[in-house]
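S.K.: Before I ask anything, let me first share the structure, which is written out below as structure tokens.
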There are 2 protein chains.
Amino acid sequence: MTDEPVVTVTIKDVARLAGVSPASVSRALADPRQVRPGTRERVHRAAAALGYHPNQAARALTTGRTRTIGLVVPDITNPIFSTIFQAVQGRARQSGYSVLLVDTGEDPATEVDLVRTLARQVDGFLLCSPRAAQEDLDPFLRATAVVTINHRGRRVPCVTSDNTDGARQAAEHLLALGHRRLAYVAGPAASSDNRERLRGLRTAVAAAGAELTDFTAVSPTYDGGTAAADLVLATSATAVIAFNDVIALGLLNRFTARGIGVPQQISLVGFDDIPFAAMTNPPLTSVAVAKQQIGRTAVDFLLDLLDGRQRSGGSRLMLPTHLIVRGSTGAAPATFAD
Amino acid sequence: MTDEPVVTVTIKDVARLAGVSPASVSRALADPRQVRPGTRERVHRAAAALGYHPNQAARALTTGRTRTIGLVVPDITNPIFSTIFQAVQGRARQSGYSVLLVDTGEDPATEVDLVRTLARQVDGFLLCSPRAAQEDLDPFLRATAVVTINHRGRRVPCVTSDNTDGARQAAEHLLALGHRRLAYVAGPAASSDNRERLRGLRTAVAAAGAELTDFTAVSPTYDGGTAAADLVLATSATAVIAFNDVIALGLLNRFTARGIGVPQQISLVGFDDIPFAAMTNPPLTSVAVAKQQIGRTAVDFLLDLLDGRQRSGGSRLMLPTHLIVRGSTGAAPATFAD
DNA sequence: CCGATGTTTGGAACCGATTTCAGTTGCGTT
DNA sequence: AACGCAACTGAAATCGGTTCCAAACATCGG
């Protein structure tokens with residue numbers, strides 16, 4: 001109807017058109033109960049007519065809130081993180097927040113650097129699977145609200161998955177299939193997910209009197225997986241658990257290329273249950289985590305923190321995991337004695 | 001060394017410590033040539049000691065620049081877009097810009113809505129594979145700088161891929177393998193990529209006197225692909241080209257589930273060459289696009305626009321594509337006459 | 001009808017930077 | 001030593017909102 005403004009329309013323009021002061025415009029828009037119905041009406045009409053949208057920078061300056069949250073992930077091309085991003089964005093938007101996505105490229109130094117420079121631009125951070133040491137991040141986080149995802153920090157709200165139990169499920173599944181020698185292709189040492197997964201495996205494997213070897217992948221990526229494949233094959237393991245699905249896909253690809261049958265000769269389990277896990281041949285058995293809920297809850301925790309709300313039970317949540325059995329796991333091959 | 005500030009440190013704090021005015025601090029930090037070496041030195045020392053980082057909101061208010069760019073994508077879980085994000089973030093960071101990522105969920109209405117509400121918070125947008133109609137977006141973009149990716153707009157800078165040629169390469173590859181009946185599983189109608197790919201196919205197929213059927217996938221996703229698979233099988237096509245790799249993976253999965261041999265019974269080609277394309281069984285033949293360069297160039301174009309620079313040759317770039325032949329394409333099956 | 005109370009409202013201060021403008025300083029000339 | 005010019009610096013205005021404060025107004029009870 002009216003022409004869209006080419007120049008920016010400010011609160012003063014609205015005030016002038018509505019015949020009130022800027023203060024009243026601000027009030028009418030922020031909390032309608034503070035002004036008389038008639039005034040409110042005129043202000044809203046004027047704002048709509050001019051297509052007024054408050055300047056976020058100006059608002060941020062007085063309120064100290066940017067209405068932006070930073071989501072820090074190691075690698076957005078890993079579907080686990082892009083899925084979490086979607087959940088985070090969805091929930092954030094409901095509360096009028098935007099999401100500044102930060103990809104650290106799996107590099108702890110970059111992570112620290114980016115967090116430092118962005119700390120003033122966001123109201124809070126969602127640190128997803130941080131790779132940097134807690135103490136390197138701490139200084140910058142003192143002034144900024146933080147919720148960690150996939151990482152149990154000391155006094156920081158966090159939402160995590162029950163990795164230990166997920167690992168247990170994976171191990172017991174394999175043990176039940178007759179596997180006695182398992183291998184774990186680990187992820188980043190700084191990842192608490194990784195430590196917990198390893199711990200879960202160790203416990204279950206030890207309880208069954210079986211054997212577990214572990215390697216650390218050069219990186220938690222597809223290439224890291226292909227590179228680790230030969231190391232795994234050099235052991236006599238009949239089943240491999242990978243730190244995540246992306247590594248598992250790398251392993252699978254190299255195994256197939258080497259003519260090693262999966263699961264005939266070696267069984268394979270991943271973590272995260274990314275969509276692609278179901279698309280491979282054979283489809284990948286994987287430990288599913290509640291990606292959507294992780295993202296949503298993390299935002300809720302962060303907003304609680306920002307608004308000074310307290311959670312009964314504290315802002316710490318551990319979500320259950322569950323094993324999804326697909327075609328990449330099968331009975332242990334018959335071996336020549338043992 | 002010094003304690004990190006718990007309260008925010010402003011330009012005044014630095015000024016006081018350095019014994020100069022806030023104005024000089026601003027100058028010393030923004031453009032060192034404007035102040036005397038001695039002053040500059042004291043200011044820098046003071047800023048470092050206090051761990052001063054300028055408040056972006058305050059800066060944005062005066063300068064009118066937020067130093068943030070918005071990257072709008074249909075679906076960040078599609079690796080093509082997450083890879084582009086990484087390239088964009090990398091280049092943006094070099095110039096001191098942050099990236100606000102916006103996932104529209106493939107929905108044109110959401111896209112328009114998000115662009116509208118965020119237009120004031122970013123210096124410019126990178127519209128990646130927009131699904132909304134140009135005229136719906138236009139009003140908001142009049143006031144904001146825009147570069148489109150994978151979309152040729154009328155008077156908007158853009159960086160695209162040579163889809164027509166990529167499609168031609170794919171078609172000719174298949175024709176050379178003896179296929180005479182091809183099918184195209186299309187993407188969103190609003191996508192100019194889609195239109196160009198279809199056009200490229202039509203031209204090449206027509207020139208060879210072969211046949212092309214096309215369907216539109218319900219959505220350019222894995223599920224869209226699996227759903228389209230049966231439609232494709234209902235035709236007598238011996239080769240399928242999918243709008244993108246994600247659809248192709250869905251097709252592949254359903255074909256395999258139906259016991260249809262790829263490429264023995266049907267050949268399959270995707271677009272984008274996402275990393276997962278190489279991991280499937282058989283690995284997917286795909287038309288590669290220059291994801292990294294697309295992202296980088298788009299940022300360059302946008303920054304040029306923001307800084308009022310002119311590009312010789314205009315800010316329009318079309319990058320070459322090339323077919324990567326893998327295992328999902330093979331000779332057309334021998335048919336009972338034809 | 002008046003004072004007390006409560007609700008609306010506008011003026012002005014403020015958030016933390018940048019930038020204009022004018023004043024000060026330093027330096028090279030003559 | 002005085003002058004002019006350039007380089008440097010600080011005070012103050014400004015960006016566009018929010019919010020405190022006090023004034024204006026309306027409402028109510030006595």
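The values are calculated or read from the model by the stated rules, or taken from the named source; none is laboratory data. Everything quoted here is computed from the prediction, not taken from an experiment. Cβ placement follows ideal geometry from the backbone for every residue including glycine, while neighbour counts extend to all protein chains displayed. Quick note on the areas: whole protein, heavy atoms, side chains included, nothing else; ligands and nucleic acids left out. Shrake-Rupley method; radii C 1.70, N 1.55, O 1.52, S 1.80 Å.
S.K.: Straight-line reach from residue A:12: which aspartates and glutamates have Cα under 19 Å away, leaving out those fewer than 8 places along the same chain?
M.R.: Partners within reach: A:3, A:4, A:31, A:41.
S.K.: For the residue pair residue B:120 and residue B:23, what label-to-label distance in nm results when each label sits 7 Å from Cα along the Cα-to-beta-carbon direction?
M.R.: 3.1 nm
S.K.: Dipole of the protein assembly as shown, Cα-centred, from +1 at each Lys and Arg C-beta and -1 at each Asp and Glu C-beta, to the nearest 20 debye?
M.R.: Around 2240 debye, computed over the protein assembly as shown.
S.K.: Please state, rounded to one decimal and in Å, the Kirkwood hydrodynamic radius that region A:11-54 gives when every pair of distinct Cα atoms enters the mean of 1/r.
M.R.: 9.7 Å
S.K.: Below 12 angstrom from the Cβ of residue A:42, what's the summed charge of the other residues (Lys, Arg +1; Asp, Glu -1)?
M.R.: Value of the local net charge: +3.
S.K.: Sequence gap at least 6, Cα distance under 8 Å: using those rules, report the relative contact order of region B:163-289 to the nearest whole percent.
M.R.: Answer for region B:163-289 is 24 percent.
S.K.: Assuming R0 = 41 Å, what is the FRET efficiency of residue B:48 and residue A:293, from their Cβ-Cβ distance, to the nearest 0.05?
M.R.: The pair residue B:48/residue A:293 has a calculated efficiency of 0.45.
S.K.: So how compact is the protein assembly as shown: Cα radius of gyration and Dmax in angstrom?
M.R.: 27.6, 93
S.K.: Find the relative contact order for chain B and round it to a whole percent, using C-alpha pairs within less than 8 Å whose residues are 6+ positions apart.
M.R.: 16 percent
S.K.: With the Cα gyration tensor of chain A in hand, convert its eigenvalues to equivalent ellipsoid semi-axes via √(5λ) and list them largest first in whole Å.
M.R.: Listed largest to smallest, the semi-axes of chain A are 51, 19, 17 Å.
S.K.: Obtain the nm distance between the two label points defined at residue A:307 and residue A:223 by a simple spin-label model: each point lies 7 Å from its Cα along the Cα-to-C-beta direction.
M.R.: Label at residue A:307, label at residue A:223, 4.4 nm between them.
S.K.: Note the per residue figure in Å³ for the convex hull of the C-alpha positions in region A:163-288.
M.R.: Enclosed volume per residue, from the Cα hull, is 85 Å³.
S.K.: Here's another thing I want to ask about it. Among B:258, B:168, B:42, which one shows the highest mean-square fluctuation when chain B is modelled as a Gaussian network with alpha-carbon springs under 10 Å?
M.R.: Comparing B:258, B:168, B:42 in the GNM, the peak value goes to B:42.
S.K.: I would also like to ask the following. How many Cβ atoms of partner chains, on average, are near each residue of A:62-69 if near means within 10 Å of its Cβ?
M.R.: Shielding by partners across A:62-69 averages 2.
S.K.: Another question, if that's okay. Any chance you could check the Cα centroid distance between region A:111-181 and region B:175-233 for me, in angstrom?
M.R.: 43 Å
S.K.: Let me ask something else about it. Pulled fully out, how much extra length does the chain show between residue B:138 and residue B:203, if you take 0.36 nm times their separation in residues and subtract their Cα-Cα distance?
M.R.: Residue separation times 0.36 nm, minus the Cα-Cα distance, leaves 20.2 nm.
S.K.: When a/c reaches 1.5 or more, the comparison of a/b and b/c decides; with that in mind, is region B:189-234 rounded, prolate or oblate per its Cα gyration tensor?
M.R.: oblate
S.K.: Provide the solvent-accessible area of residue A:184, counting protein heavy atoms only and rolling a 1.4 Å probe, rounded to the nearest 10 Å².
M.R.: Ignoring ligands and nucleic acids, residue A:184 comes out at about 0 Å².
S.K.: Mind giving me the FRET efficiency for residue B:177 and residue A:230? R0 is 51 Å, r the Cβ-Cβ distance, nearest 0.05 is fine.
M.R.: Calculated value: 0.90.
S.K.: Moving on to the next point. For residue B:63 and residue A:260, what does the FRET efficiency come to when R0 = 56 Å and r is the distance between their Cβ atoms, rounded to the nearest 0.05?
M.R.: Taking R0 as 56 Å, the efficiency between residue B:63 and residue A:260 is 0.40.
S.K.: Note down the relative contact order for region A:11-54 as a percent, whole number, built from C-alpha pairs under 8 angstrom at least six residues apart.
M.R.: RCO, region A:11-54: 41 percent.
S.K.: For region B:39-104 and region A:236-261, compute the distance between their C-alpha centroids and round to whole Å.
M.R.: After rounding, the separation between the Cα centres reads 39 Å.
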